[in-house]
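Q: Sharing a structure, written as structure tokens. Questions coming.
Each reported figure results from applying straightforward, stated rules to the coordinates on display, with no laboratory input. Note that the structure is a prediction, hence the values are computed from the model and not measured. When we count neighbours, we look across all protein chains shown, and the Cβ atoms used for this are built from the backbone with ideal geometry, even at glycine.
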Amino acid sequence: MKIKRMELESEKSVDSQSGETGKNPKKLKKQKKVKAKMEKGKKNNQVNIEQGLVDVLLVDGENSPEAGNLYDFENPKKKRSKKVYVAVLVLLVFVSTVGVVIYFVKFKNATGSTAETTTDFGNMTMGANTVSATGTTAVGMDTEEFEPDYITTELYIEEVYLSTGDEIEANTPILKISDDSITDARAELTAAATDATLAYRAGLIEHEQSKITAKYDYDVSVLTGQQAEDVYNATLASLDSTLADAKQQVTDAEDQIAEYTTALETDSYKEDYQVEEKLAAYNTNLALLQSKVAEWNIPYSAFMSSGASMGGGGSTYDKWEVTTLNLLYAELAENETEYEKAQDDYDNAVAEAKLQLAQLNLSIETLKENLVQAQADYDTNKTQALTTYNTSLAKSKMAKDDYDTAIKKADETFSTLEATKTEADDNLTEFESLLGDGKLYTTNGGTILRVNVAAEDYLQGASMVLAYSNTDAITVAVSVAQADISKISIGDTANVIISGYGSYTGTVAEINPVSSSTSRTSITYDVTVTLDNTDSTLTSNLTAEVYFNVGGQTE
């Protein structure tokens with residue numbers, strides 16, 4: 001029998017190392033699992049198994065050993081009993097078929113349609129949003145990828161140990177990288193880790209300094225805000241004082257100009273220094289002296305000379321008269337001295353007044369210009385002082401936010417350095433874990449389906465190295481109508497019924513956004529559902545009914 005032959009052939013394996021034919025323990029174990037699933041199928045669906053045997057009879061006839069167990073051509077009675085048995089089987093198949101047709105007519109339309117009513121089917125509640133579809137199981141596939149994409153050193157592949165069709169276990173060597181490549185890559189990653197560590201340490205110091213600076217700026221902003229009004233008032237007082245000084249200088253200059261001008265115009269300095277009074281006193285005493293000299297007929301020589309006697313000795317003049325003239329002369333001399341001094345003081349005062357007036361007339365324009373500038377500075381600085389006041393208050397109010405922002409920025413900068421250091425360390429650790437001994441190993445076991453690397457080539461980062469089957473994961477691919485595809489999302493739970501194996505809970509793993517159908521009137525999309533097959537119960541090419549949005553699950 002063909003099935004038997006396949007089983008017998010599957011029990012044989014060739015030892016690639018010795019070239020001898022023998023039993024493969026892994027394949028024998030797998031065959032036992034297949035037989036166990038067949039026995040389970042017989043118990044759950046005896047009708048299908050018996051129908052399968054009938055099909056075998058029809059194909060192999062009397063040459064089939066299995067057919068001989070059901071139909072004996074040499075014994076007519078057995079032949080008739082077998083015919084009855086076959087008829088019963090056919091009847092059972094017919095009844096089962098009718099039941100299935102009734103179910104499909106009653107509970108759903110064609111494959112991929114939405115249930116119209118809410119119906120309880122076993123443990124599932126078929127709601128208005130329930131979508132059903134029929135598909136086929138397939139054994140899952142794992143890929144072995146070399147994920148590190150941070151190595152710039154070229155990794156030269158010396159040898160590849162595996163090829164398509166090999167049965168492998170976890171931690172099986174895949175390939176060997178040259179020692180020089182490993183050494184260079186290790187040096188590259190070590191240098192990157194060292195640089196990242198140094199940058200991290202420097203960043204740690206800068207981080208602490210940034211926090212200190214942020215705290216200082218915060219305190220200054222708060223204090224400035226608290227003193228803003230006092231500073232503003234002090235600034236205004238200083239501006240007021242400066243402007244007042246400029247105004248006072250102009251006023252003082254104008255007053256002095258007026259004073260000097262009036263003094264010169266009215267010749268008040270003569271009065272100030274009593275020039276006229278002193279001149280009048282001098283003239284009065286001079287007239288009195290002259291009148292007495294004429295009255296007493298005493299010559300000037302008799303009393304003006306330094307050797308003149310005061311009327312003593314042999315003088316012919318009256319002693320009292322000479323003494324009087326001497327006193328009048330002395331007083332006249334004093335009057336002359338006082339007048340001359342008053343005249344000198346007057347002349348000097350007039351000259352000084354004219355000089356000061358000329359200087360004031362020259363400086364008054366400068367003083368007035370200074371006043372105009374002082375007024376402009378006052379207005380500008382007052383506005384600036386107000387701006388500074390408002391800014392100080394605003395910064396004081398925003399001090400906490402500015403502080404938090406500065407701390408956040410410092411933390412983010414430091415976190416980036418820390419992440420870079422961690423990543424560099426992790427890269428080195430990952431490299432040593434993956435290729436520390438120069439070899440790349442498989443993660444899981446299975447049958448090699450494809451090898452993407454070759455000797456004398458280079459191992460590329462973020463690339464698939466090989467693919468192998470994974471019997472722990474079973475997928476079901478179904479086609480869903482365009483009208484229903486929007487009701488299904490990746491990650492949704494799906495109920496899967498496989499005849500002869502039971503019901504399973506799956507997960508929507510993939511929805512192909514591109515339609516797989518060629519018809520313009522019936523557009524469908526491929527949906528892939530994954531099932532857990534850790535017990536290795538399921539195999540490929542099993543027909544499965546998949547139900548989405550069961551139990552009131554919405555889109």
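Q: Select from segment 432-476 those chymotrypsin sites (Phe, Trp or Tyr not before Pro) which occupy a DSSP coil region and have at most 10 other Cβ atoms within 10 Å, ordered by residue number.
A: Hits after loop and neighbour filter: nothing returned.
Q: Moving on. Out of Thr337, Ser392, Asn348, whose Cα points farthest toward the positive end of the dipole of segment 235-397 (charges: +1 Lys, Arg; -1 Asp, Glu; placed on Cβ)?
A: Of the listed residues, the answer is Ser392.
Q: To continue, here is another question. Going by C-beta contacts inside 10 Å, put Arg520, Arg450 in order with the fewest on the left. Don't jump to the answer; show the numbers that get you there.
A: On the way: Arg520 6, Arg450 13.
If I rank by nearby Cβ atoms, fewest first, I get Arg520, Arg450.
Q: Which value, to two decimals, describes the C-alpha radius of gyration of segment 457-555 once divided by 2.2 N^0.38 Å?
A: 1.28
Q: For segment 235-397, list log₁₀ I(q)/I(0) at each q in 0.15, 0.16, 0.19 Å⁻¹, using the Debye formula over Cα point scatterers of equal strength and ignoring solvent, two decimals each.
A: Listed by q, the Debye log ratios stand at -0.89, -0.94, -1.08.
Q: Total Lys pairs in segment 235-397 closer than 13 Å by alpha-carbon, pairs eight or more apart in sequence or interchain only?
A: Lysine pair count for segment 235-397: 4.
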